[in-house]
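Notes follow the structure.
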Amino acid sequence: TGEARYTHDIRLPGMLHAAVLRSPYACCVVKELNLDAAAKWPGVGAVVSLAEVGERLLFAGQDVAAVAAATPEQAREALRAITVAFEEQPFVVTTRDAMQPGAPLVHTSEVKARKTEGDEPGTSRKATQNGNIRHTGSDAKKDVAKGLRAADVVHEAEYTTQVHTHSALETHSIVVRWDDPNHMTVWSSTQGIFSVRGEMAEVFGLKPANVHVITEYLGGGFGAKFGASAAGSRLGFIAGALARKAEAPVSLLLNRHEEHVCTGNRPDSLQTVKLGAKKSGELTAIHVVAHGSAGIGTGAGVGRNALGIYTRCPNIKVESADVYTHAGPGTAFRAPGHPQGAFALELALDELGAKIGRDPLDIRIDHNVHPVRRHQFELGRKQFAWDEK
């Protein structure tokens, strides 16, 4: 009916519209940044710097500066009035290239992982870093090498998955109004009003009870909209700082290009899966080695599907590593890591079944102890006429 009101629909008296200047380079150093001309541009109520001269920017789309003006068009025009100069730096944007010896380093110091909504319990592990590769440890059940030696047949292959962006119909958006110096009202396209409240309170030094967050309707999120900021852009800070400086409400609505470069994504993966099995179809070992890139961020590890699903396999090991690239950071995207992990492991099981002449569905049922999942397998067999092939 069109009656639902989203953050994009919020209109407040005196509201200004924000626009953000973003780095055009995969890696660069800010050599010059002057906002004076933008501050004097017609309709502009406030400007803020989001980067400093001498700062090294790590991906195309990273925040540099922002303006708030009476119309979206004036805000975009004011961005062009900003005097800025960048010095390009060596960069690497593909996972395979980033893993090579001598590849340009994305981070020059150790990165500490930050837990995000959607992370699995117990996913925090001590990591070791070598170049752009950050090994995040492994999960193991018994002795996978012994299991492979006991196998009649070993199947090994590499599987790749690509980066996916969330592409919700409603882009990331936030409107901030300061009700007084200590109270704020926020309209946000978010899956978590309390996490937005907590983030805004922390950033601006407010009591959480003094931050009122409103989300009447959400045009999609899928894991990327849990905080006041996007994965690679400080949306909450930008809108809040501009609103405080302009003494007017500010609306910050990302466009579709920004949505793809700085709001997070599902990381890619390069996975080597090795399965050991008896000719009867009994699995003796599952070994998964996975590398993936969450851009400048962490959390590219695949889900531990083997340990959670095929529990009758006696020997299982899953090893994961983050590979840093000069791209926007990843973020939660519906069961983080599990779609990538399932893609590789399930294809490997199909291929193993073909190699030993066993129905891959029977292999799955034989190694799955969960009664509901076993029922689903059998139900699918019947409904899809699986046995008729």
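The values are calculated or read from the model by the stated rules, or taken from the named source; none is laboratory data. No experiment lies behind these values; they were computed from the predicted model shown. Neighbour counts are summed over all protein chains in view; Cβ atoms, including those assigned to glycine, are modelled from backbone coordinates with ideal geometry. Calculation scope for accessible area: heavy atoms of the full protein, side chains included, ligands and nucleic acids excluded. Shrake-Rupley method; radii C 1.70, N 1.55, O 1.52, S 1.80 Å.
A few comments on the model shown:
- Think of each Lys and Arg Cβ as +1 and each Asp and Glu Cβ as -1; about the Cα centre, that makes the dipole of the range 26-156 roughly 540 debye.
- Accessible surface ranking for Ser269, Ser138, 1.4 angstrom probe, highest first: Ser138, Ser269.
- Taken about its Cα centre, the range 126-273 carries a charge dipole of roughly 380 debye when the Cβ of each Lys and Arg holds +1 and the Cβ of each Asp and Glu holds -1.
- Here the dipole of the chain is about 920 debye; that uses its Cα centre as origin and unit charges on the Cβ of Lys and Arg (positive) and Asp and Glu (negative).
- Positive dipole terminus of the chain, leading residue within His164, Phe343, Ile238 (C-beta point charges): Phe343
- The range 209-230 and the range 310-330: distance between their alpha carbon centers, rounded to Å: 29 Å
- DSSP-defined antiparallel bridges as percent of all bridges, the chain, nearest 5: 80 percent
- For the peptides 11-24, 277-290, the ranking by mean Cβ contacts within 10 Å, running from highest to lowest, is 277-290, 11-24.
- Aspartates and glutamates with Cα under 14 Å of Lys126, excluding same-chain neighbours fewer than 8 positions away: Glu110, Asp139, Glu319, Asp322
- Sequence-distant contacts, meaning Cα pairs under 8 Å at least 6 residues apart, place the relative contact order of the range 206-308 at 18 percent.
- Cα-derived Rg to Rh of the chain, Kirkwood definition: 1.06
- For the chain, the relative contact order comes to 20 percent (Cα pairs under 8 Å, sequence separation of at least 6).
- Ellipticity estimate at 222 nm from DSSP helix runs (n ≥ 4, -39,500 (n - 2.57)) divided over the chain, nearest 500: -7000 deg cm²/dmol
- The base-10 log of I(q)/I(0) for the range 270-385, evaluated at q = 0.14, 0.15 Å⁻¹, reads -0.63, -0.70 [Debye formula, identical scatterers on Cα atoms, solvent excluded].
- Cross-link partners of Lys274 among lysines, defined as those whose alpha carbon lies under 23 angstrom from its own and excluding same-chain residues fewer than eight positions apart: Lys141, Lys142, Lys146, Lys317, Lys355.
- Signed unit charges on C-beta, dipole axis of the range 279-389, positive-most listed residue His375, Gly357, Leu307: His375
- Taking His338, His257 and ordering them by how much accessible surface each has at a 1.4 Å probe, largest first, produces His257, His338.
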